[in-house]
1. Would you check if Ser615 is assigned to a helix (DSSP H, G or I) and under 21 Å from the mean Cα position of the chain (by Cα)?
2. Scan region 66-90 residue by residue and report those that are surrounded by fewer than 23 Cβ atoms within 10 Å (Cβ to Cβ), assigned to a helix (DSSP H, G or I) and among the charged types (D, E, K, R).
3. If you check Val408 against the conditions, is it free of Cβ contacts under 8 Å to residues at least 40 places away in the same chain, in the same structural domain as Glu509 (by TED's automatic domain parsing), aliphatic (A, V, I, L, M) and part of a helix (DSSP H, G or I)?
4. Using the structure shown, decide if Asp205 is closer than 23 Å to Met349 by Cα, in contact (Cβ under 8 Å) with a residue 40 or more places away in the chain, surrounded by fewer than 17 Cβ atoms within 10 Å (Cβ to Cβ) and of a type outside the set (S, T, N, Q).
5. Confirm whether Pro642 is in the same structural domain as Asp554 (by TED's automatic domain parsing), surrounded by fewer than 18 Cβ atoms within 10 Å (Cβ to Cβ) and modelled with pLDDT of 90 or more.
6. Among Lys263, Lys329, Lys249, which is of a type outside the set (Val, Ile, Thr), closer than 18 Å to Val106 by Cβ and modelled with pLDDT of 95 or more?
7. Those residues that are modelled with pLDDT of 90 or more, farther than 16 Å from Val109 by Cβ and either in contact with a helix residue (DSSP H, G or I) (Cβ under 8 Å, 6 or more places away or on another chain) or crowded, with 18+ Cβ neighbours inside 10 Å (or both), I need them from region 43-64; list them, please.
8. Working carefully through the options Val335, Val411, find the one that is β-branched (Val, Ile, Thr) and touching a Ser or Thr at 6+ places or on another chain (Cβ under 6 Å).
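The values are calculated or read from the model by the stated rules, or taken from the named source; none is laboratory data. The shown structure was predicted, so the numbers you read here are calculated from the model rather than taken from an experiment. Positions of Cβ are generated from backbone atoms using ideal geometry, with glycine treated the same way; all protein chains shown enter the neighbour counts.
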Amino acid sequence: SMAECSVGFVAEILASKLQTVDAKDITVDASRLITQANAFVVPFRLRRNEEATSFVFKHVDISKVKYRDAEHRERTRRSYACECAFYALCPRVDEITGCAETPGDVPGVLFAEGESSGDTFTIVAQDLGKSTPSRSLGMNAVDATDALEMLARFHAKWWRGLPDSPPLPPEFWPLGGYWTLDKRAADLDRIESHFEALCEAFRDDDPDGLVAACRIGELGRNLRRYAHALHRLTTSSDSSETVVHGDFKAANIIRDVASGGMKMIDFQWVGLGSPARDLAYYFCTSASEEVLVEKERFIKVYHDELTKALRARGSPEAVAAADAFTLDKLESHFVLHHIDYTRFTMGAMWGTVTPATLQQNANAHNQGMHKRSRWHLQRQMADANVTLTSYIEFHSKRASTPSLVSEVLGVCVALADEAGDIVRSVAAGGSLGQVKDKSGKQAGDNKAIDPQTQADRRAERLIVATLRSKFGDRVKVLGEEALEGALTEAGSVNADGTIDEDDEAISVEVVNEAAELVKPIELHVPPSAEAKSDDVCVWVDPLDGTREYVEGPDHWSGVTVLMGISVGGVPVAGVIHQPFVDHDGRPSSDPTCRGRTLWGGYNMGVWSSPGRDVSLARRVPRLPVADPASLRVATTRSHPGPAIERVIDLLAPAEVVRAGGAGGKVALI
């Protein structure tokens with residue numbers, strides 16, 4: 001009955017798209033029908049002018065399924081929207097001959113339709129036949145070579161930063177791959193318990209002692225502690241970014257019966273990333289033992305084809321990109337992505353893996369090899385343990401300053417989010433407390449030249465007290481209000497009768513977790529600062545742009561919480577929190593807005609995350625060189641003066657943006 005329904009549905013859809021198709025022209029291959037809760041895939045033959053061509057019809061309706069929550073539903077919808085958008089860019093197929101306009105490493109497509117915000121998606125593509133690569137024990141050397149060379153050509157085609165780099169549809173994921181931390185943050189709290197369960201399950205099935213070594217090396221604990229740092233290290237752009245497939249495994253690789261060449265299918269997780277993301281995933285899920293034993297040789301096979309395909313693009317920029325992406329760089333990327341994928345498998349998959357489940361799944365070709373083979377599972381664990389331990393030990397031998405600065409930065413990010421909550425709650429309460437004018441002028445209204453509100457005072461008290469409690473005399477903390485002698489104690493009665501609340505201290509557990517956010521494997525300290533490691537200082541402006549704050553919601557986008565970290569007088573890291581700006585940079589006076597936090601440090605770049613959710617941190621791209629003929633200048637709106645105006649006139653910018661707050665202007669840049 002399902003096959004009969006499919007025939008009718010396929011005929012109905014094709015008739016509406018191709019106009020001249022009738023049900024009698026369609027023959028559905030029900031023996032190859034694949035059904036899922038929200039989708040079905042079925043091959044069919046379309047007879048036109050006495051010629052019959054083979055296609056695959058895929059239809060998705062996400063409204064047919066009950067999801068765990070709204071986030072799960074949205075992730076599912078977006079994955080299919082991404083796939084539909086990718087197939088819409090694939091070579092067109094002639095409906096009569098079945099041939100693609102420009103044959104390549106992906107199927108040709110008859111049509112792909114679906115609204116990016118809708119619930120239904122339909123794709124009709126070439127039927128590549130039933131020929132698949134070797135899968136029973138992982139892909140063998142011949143198939144692995146063909147698959148990796150295909151992947152290299154795919155990556156070269158979509159390489160970013162070149163004059164002819166293809167534009168990306170908005171439906172593509174900002175980070176390609178279904179297992180990146182921004183999509184799987186809920187797995188973090190399960191990593192250590194899953195690791196212990198896995199070690200227990202293989203206590204008596206560990207012939208080479210690899211699991212025991214992972215236990216000694218505290219692999220589970222380290223994967224949890226370094227998860228955020230690994231996420232940032234694997235999403236950092238160093239001019240070697242491409243579009244990744246995001247699910248490049250044997251089950252999504254077909255050897256085309258007609259051409260004999262490899263083609264890839266299923267593009268639900270396409271998005272930006274390092275080529276090593278696809279590469280690490282492939283080796284963990286799909287490579288045979290013989291291939292893994294010679295992993296370095298096969299990585300070189302991929303690299304040779306990638307650089308060859310980049311150079312074939314012809315432009316000087318493409319040749320330079322091929323030269324810059326050396327084999328050493330690829331291998332260093334691969335190691336980090338391998339550890340990061342192990343973070344995912346440990347938290348999401350391995351909690352129930354036992355010798356018995358490996359035996360049950362041995363022939364489940366859609367499963368990764370690490371869920372089908374003890375050798376693959378334990379090899380993946382051991383490799384991740386060795387490389388992660390090496391990273392940790394190497395950086396632990398450096399001076400202690402990077403470790404301290406990393407901890408301070410992590411705590412500052414959390415405190416900035418807490419301070420943002422205070423700023424928003426005070427604004428939502430409708431009373432800013434007594435507005436003091438620190439300039440010494442007559443105080444009390446929004447005309448104050450240098451105003452101060454209870455939000456300034458409360459935020460500074462919380463930040464300073466927490467930092468001093470956590471770090472003691474190892475870190476100097478300098479707050480603007482206290483330095484200016486304008487900080488009253490909590491509970492003091494202001495002249496207008498209001499009382500500044502005494503905000504509850506952040507729990508030790510929360511502070512300690514925040515201190516784990518940044519790791520010295522990603523944040524360095526300039527050599528000039530290392531020599532003065534006893535002079536770590538945090539500079540706090542609890543509410544920059546207070547004048548904009550008291551003037552009302554129209555100006556709140558310029559309000560920020562600022563914290564800078566210096567070592568020996570050298571700036572090394574900092575945080576800007578925007579309480580009234582969402583993660584996409586849009587102003588918002590909604591008191592439920594979580595705000596946006598911009599933060600970073602020496603050698604680690606700048607990151608943007610929504611308040612209280614660092615797992616969604618995105619790297620702020622490096623700015624292009626400014627064009628002197630079309631400069632945009634950000635300058636003060638509240639402190640204008642003749643000197644500033646003279647400089648603006650000399651620059652002759654195309655646009656002048658007058659904004660409040662030093663932090664607000666930096667955020668605009």
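1. Answer is yes for this residue.
2. Residues satisfying the conditions are Glu71, Arg73, Glu74, Arg75, Arg77, Arg78.
3. Against the criterion (free of Cβ contacts under 8 Å to residues at least 40 places away in the same chain, in the same structural domain as Glu509 (by TED's automatic domain parsing), aliphatic (A, V, I, L, M) and part of a helix (DSSP H, G or I)), Val408 does not qualify.
4. So Asp205 fits the description; yes.
5. In short, no.
6. Result: Lys249 is the single residue among Lys263, Lys329, Lys249 that is of a type outside the set (Val, Ile, Thr), closer than 18 Å to Val106 by Cβ and modelled with pLDDT of 95 or more.
7. Correct list: Ile62 only.
8. The conditions single out Val335.
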